[in-house]
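Here it is: the structure, laid out below.
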Amino acid sequence: MNERHKSILAPSLLAYDHADLGVAAVEIESEGREWLHVDLMDGHFVPNLSFGPQTVADLRAKCGLFLDVHLMLSNPGVLVEAFAKSGADLISVHVETGSGVGEVLSQIRNLGCQVGIALNPDTPAEEIRPFLGEVDLVVVMTVVPGFGGQSFRQDMIEKINVLHRWREIGRLDFRLEVDGGVNPENAMLCQDAGADVFVAGTAYRNLDKEARNAFALSMGSA
Ligand code: DX5
Ligand code: ZN
């Protein structure tokens, strides 16, 4: 575990009723969580659609949660300003979006948001290594992105470990987030490998209030 960062359990809004997102955010905040993971999809980078900048703005008005915005967009550069203006606290973009990704990371920083870089399960950790000194968050996808409710990819534990080691060796300070199929059992394995932010959609939503708190407590995030 990276002792520099407190562990965070970040519920994913995608798992909630999309006609009642504000209610979900208020409930999540009242349960004592500090972060909300918000997935944005464009039907191109991933074969699904979710929310837009207006959703983020309306969530911002309803809760004080740290809005961890995960952009699954082929061309994130055209929308980062809109998401920053909507009140996103942190914006992550995927390394698979191509050669302009470094520029988009700088753009996010200049807009006053924290900066994240995400990588898909089949993308080697080496591909994000050049960016590790300039990000606040690395998002290790533990499912192929696009849908909630998929099974956690156990083979991603090694990738988390590698990234954690690079963080230690380089004396870097980014947070290490796992996203996809995370539940109370595999979250522990991820934590042991060095992760400190745990996105949980389906698993969190399916627990009762007491079990949600137990999940947060077990991760040291309560
Ligand atoms: C997947 C999204 C995830 C998703 C996680 O494309 O990036 O954030 O909401 O949901 P679960 O926990 O259900 O896999
Ligand atoms: Zn996500």
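The numbers here are math on the coordinates, done by the rules we state, and not lab data. Here the structure is a predicted model, which means the values were calculated and not measured. Every residue, glycine as well, gets a Cβ built from its backbone with ideal geometry; the counts of neighbours run over all protein chains shown.
For K209, go through the aspartates and glutamates and keep the ones whose alpha-carbon is under 14 Å away, minus same-chain ones fewer than eight residues off.
Excluding near neighbours in sequence, the set is E27, E29, E31.
May I ask you to derive the relative contact order of the chain, considering only C-alpha pairs under 8 Å and at least 6 residues apart, and to give it as an integer percent?
Value for the chain: 22 percent.
Here is a further query. Within a 10 angstrom radius of the beta carbon, how do M188, M72, M41 rank from fewest other beta carbons to most?
In increasing order of surrounding Cβ atoms, one gets M188, M41, M72.
While we're on this one: Could you tell me how many cubic angstrom of Cα convex hull volume the chain has per residue?
106 Å³
Then there is this: Over the chain, what is the percentage of antiparallel beta bridges among all DSSP beta bridges, to the nearest 5?
Taking every DSSP beta bridge within the chain, about 5 percent pair in antiparallel fashion.
Where a Cα-Cα gap under 17 Å defines reach, which lysines qualify for K85, not counting those fewer than 8 residues away within the same chain?
Excluding near neighbours in sequence, the set is K62.
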